[in-house]
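Report on one structure; see the data block that follows.
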Amino acid sequence: MGTTLAEKVWADHLVRKGGDGAPDLLYIDLMLMHEVTSPQAFEGLRLAGRKPRHVDQLIATEDHNTPTVDIDRPNPDKTSALQLTTLEKNCKEFGVRLHPLGDADQGIVHAFAPILGLTQPGMTIVCGDSHTSTHGAFGALAFGIGTSEVEHVMATQTLSLKPFKTMAINVNGKLPADATAKDIILAIIAKIGTGGGQGYVIEYRGEAIRNLTMDERMTVCNMSIEAGARAGMIAPDETTFEYLKGRPHAPEGELWDKAVAYWKTLKTDDDAVFDKVVDIDATKLGPYVTWGTNPGQGLPITADVPDPAKIADATERSAAERAIKYMGLKPGMPIKDIAVDTVFIGSCTNGRIDDLRQAAAIMKGHHKADSIHRVLVVPASSRVRLEAEKEGLDKVFKDFGAEWRNAGCSMCLGMNPDKLVPNERSISTSNRNFEGRQGKGSRTHLASPAVAAATAIRGTISSPADL
Ligand code: SF4
């Protein structure tokens, strides 16, 4: 019997087979680090008197606690300032390469590494951050780990793990012009639920996936964790190779040819069997938006907010009741009638150059609705910001009435000054709409950059077709 892509990458990194229910020991090619989940790991190493085993396979950046304005001034938030200076001191002491705030390669941990060509097919990549699944877009086995595991990888460059189950999600047919990568993944999570991927590595397959750009593939893999999966992967192909060629850390010359020859072997065999298979008809997809407080509570933008009274399952019914109350909505109201206060375009899900181009193309020649308090456009990395400025996208955003910010996690989570106030409603291109995610009492609707841009123009949740 053949093997799946995930199984191939696993086998290529096996240091020791566990057997008898014991975990395997896997070699880790790359660990990404940031200020939030690294302090205890560095401290653990310090207390044990150890040094990183392969310091050249660790790389750090600053993202969660960074302000996105006035970055050259002292950070007014004492906790954030301490997080950042601690990372800087730790990286200096242990010799870990760091791209700090102000550096041209600084950015969200899942955005800066692919841009540098550090994320490559067939690698094992970890980070103390759940959205590490993003890197699976390149055919890497990439997943989030806990703080003690971060310390373990620093000390040994290995990780002890039980094999994951495998799931194929086939996104068949061509995506309609008004649907995007974000809509694919929101539709998948709405279908399989936030626990549907638990214990699995998902491999996204099918025509609609193959037609995506690398930025779009990263959007899909990024949200695998929101379906409960450990990782999401897409087999590398010419799109992947084209993206990587010439990037600072991509192989060159003869090494490039050898790498591509290996990367081409990284695909699921025709006779491989997945533990679970899910089929999605891409031709039926359109813009999706979440109405509730988890990423699985999403619907096509043309739908109505569900009526809990019509939900048969008691657990789902009470979750819907609670979500509708928290979100300040009415059962049965059209999603398109929901007025939003703030528009956030950014995050490791949708803060890449393709996302900014998509939003700018819609905003061009328009101005934000008077009812919209603010539109924040936050590039996922400083390189994305520079590229966008080279293309003049910053001017489009500013003319529109949006705030053009520096790179970072920003309003994806309430860990820096970019927050919503209680009951403030946002449409956000990020990945989590949990209660309080964007600040205490915040109300978040997840959507694509295209829907966020159209909403910023009309003031109520809208798709570009509504303009
Ligand atoms: S953008 Fe959001 S989800 Fe992504 S790494 Fe930052 S806080 Fe986490």
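The values are calculated or read from the model by the stated rules, or taken from the named source; none is laboratory data. Keep in mind it's a predicted model, so treat the numbers as computed, not measured. Cβ: placed from backbone, ideal geometry, glycine included. Neighbour counts: every protein chain shown. Note: areas computed on protein heavy atoms with side chains; ligands, DNA, RNA excluded. Shrake-Rupley method; radii C 1.70, N 1.55, O 1.52, S 1.80 Å.
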Solvent-accessible area of V109, probe 1.4 Å, all protein chains present, reported in Å² to the nearest ten, please. 0
Cα gyration tensor of segment 330-467, axes a ≥ b ≥ c as square roots of the eigenvalues: rounded (a/c below 1.5), prolate (a/b > b/c) or oblate? oblate
FRET efficiency (W256, L25; Cβ distance; R0 35 Å; to 0.05) is 0.70
Cα to Cα, under 27 Å, and not fewer than 8 places away if on the same chain: which lysines meet these conditions relative to K8? K17, K162, K165, K245, K258, K264, K267, K276
Can you give the convex hull volume of the alpha carbon atoms of the chain per residue, in Å³? 149
The answer for segment 382-465, accessible area per residue at 1.4 Å probe in Å², is 33
Which lysines, if any, have their Cα less than 22 Å from the Cα of K325, not counting same-chain residues under 8 positions apart? K310, K336, K419, K440
In Å², rounded to a whole number, the accessible area per residue of segment 1-128 with probe 1.4 Å is 43
Amide H contacts under 5 Å for G232, restricted to residues at least 5 apart in sequence or on another chain and with H modeled in the peptide plane, are G136, A142, I202
Tell me, what % of the accessible area of the chain is carbon and sulfur with a 1.4 angstrom probe? 51
With each pseudo-label sitting 7 Å past Cα toward Cβ, what's the A104-K395 distance in nm, one decimal? 2.2
Residues whose built amide H sits under 5 Å from the amide H of G107, excluding neighbours closer than 5 in sequence, are E62, S382
Could you go through segment 208-214 in sequence order and give the Karplus-derived ³J(HN,Hα) for each residue, using 6.51 cos²θ - 1.76 cosθ + 1.60 with θ = phi - 60°, rounded to whole Hz, and x for Gly and Pro? 5, 6, 4, 7, 7, 6, 5
Taking only protein heavy atoms and a 1.4 Å probe, the highest-to-lowest accessible-area order of M333, M218 is M333, M218
With R₀ set to 22 angstrom, the calculated FRET efficiency between the beta-carbons of D70 and L386, to the nearest 0.05, is 0.75
Put a dot 7 Å past each Cα toward the Cβ at K191 and K310; how far apart are the dots in nm? 2.2
Sort L5, L118 by heavy-atom solvent-accessible area, probe 1.4 angstrom, most to least. L118, L5
I want to check the label-to-label distance for H373 and N423. Put each point 7 Å from Cα in the C-beta direction and report it in nm to one decimal. 1.1
Just list whichever of K330/K395; K182/K330; K182/K398 have alpha carbons separated by over 30 Å in the model shown. K330/K395
DSSP beta bridge pairing in the chain, given as percent antiparallel to the nearest 5: 25
